Amino acid sequence: MTIDQIQKIGVIGAGQMGNGIVQVAAGKNFKVVMFDINSGALDKGLTTISSSLDRMIKKGILTEDAKKTLLGHISVTTNLSDLKDCDFVVEAATENIDLKLKIFKDLDSVVKADAILATNTSSISITKIAAVTSRPHKVCGMHFMNPVPLMQLVEGIRGLQTSDETFTLTKTLSEKLGKTFVESVKDMPGFIVNRILMPMINEAVYTLHEGIATAASIDSAMKLGTNQPMGPLTLADFIGLDTCLAIMNVLYDGLGDSKYRPCPLLVKYVEAVWLGKKSKKGFYTYE
């Protein structure tokens, strides 16, 4: 397969990451099929895309006609078999290993044999995901950053089985989507970004847990002292504390080092369903 043969892209999941990937792909004139098991999530995903495009129109970087054209490239479905003709599929479901393994087994049985299957996982083994398919050489990691339309990075990860052709095509597609592709040479827990980012966030939670400083002081110190655009606790709220905990557990289980042990306060917040911005309460309260 060549990059010119990739005409139709499937995206699994209509949430924050999924609808962002859909918007970017449709904006580059690919036909895109957005799948979710929940029709309400699909409606919400389309609304999110439309609102994002409206903001671009207000800024003068998109026209109404361009918005109509972009939305015309998108179809939605709750039937996985509607992805059967896709040339490239990106899974962007919840960061849960059992869920992802099931999705890839199902995708493998539905999508045409020469299609590439990519996962947007931010921490889970690509090698393990690939192994449940009959095409492990055509499976790779394609980790977009949130929010997808604004963030330039795609983190590419090879599984042990990923072929050079698959990886090169994934890189070329990422660049065609207007992204900068950075390769994680080894398929290790957390890859590049979350191997560095999540322990920092976890340490910020420990700093709060141990009463060293308030959440606002921790964030101000990191913003003003290290020139980060957003403090680590605010960032955690935006990512979702459940996602942060899931990634820390992957690091802790996968690397077996106590330095990756999730902070007990992070665990308690997730148990309380204080997940950050999406639940309107995390380290901060959101109206």
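The values are calculated or read from the model by the stated rules, or taken from the named source; none is laboratory data. Every value quoted in this text rests on a predicted model; they were computed, and no experiment measured them. A quick note on method: Cβ atoms are made from the backbone with ideal geometry, for glycine too, and the neighbour counts reach across all protein chains shown.
Do you know which residues across the stretch 110-148 are of a type in the set (Lys, Arg), in contact with a strand residue (DSSP E or B) (Cβ under 9 Å, 6 or more places away or on another chain) and part of a loop (DSSP other than H, G, I, E, B)? Break it down stepwise before answering.
From the stretch 110-148, those of a type in the set (Lys, Arg) are 112, 128, 135, 138; that's our starting set.
The next check asks that each one be in contact with a strand residue (DSSP E or B) (Cβ under 9 Å, 6 or more places away or on another chain); those that pass are 135, 138.
Across the stretch 110-148, the qualifying residue is only Arg135.
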| query | So which of Asn29, Asn19, Asn38 ends up being surrounded by 19 or more Cβ atoms within 10 Å (Cβ to Cβ) and either polar (S, T, N, Q) or not assigned by TED's automatic domain parsing to the domain that holds Ile129 (or both)? | reply | Asn19
| said: Show the residue pairs meeting these rules: Cβ distance below 8 Å; 6+ apart or different chains; first residue within the stretch 218-229 and assigned by TED's automatic domain parsing to the domain that holds Tyr206; second residue loosely packed, with under 10 Cβ neighbours inside 10 Å. | reply: Lys223/Pro229
| task | Using the structure shown, decide if Ser174 is within 24 Å of Leu197 (Cβ to Cβ) and of a type in the set (S, T, N, Q). | result | yes
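Closer than 21 Å to Gly190 by Cβ and out of contact with any Phe, Trp or Tyr (no Cβ under 7 Å at 6 or more places or on another chain), is that true of Thr63?
Details: closer than 21 Å to Gly190 by Cβ: no; out of contact with any Phe, Trp or Tyr (no Cβ under 7 Å at 6 or more places or on another chain): yes.
Answer is no for this residue.
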| Of the criteria (1) farther than 15 Å from Val11 by Cβ; (2) part of a helix (DSSP H, G or I); (3) not hydrophobic (A, V, I, L, M, F, W, C), which one Thr170 fails | (1)
| Restricting attention to the stretch 177-218, and to residues there that are in contact with an Asp or Glu (Cβ under 8 Å, 6 or more places away or on another chain) and of a type in the set (Val, Ile, Thr), which single residue is surrounded by the most Cβ atoms within 10 Å (Cβ to Cβ)? | Ile192
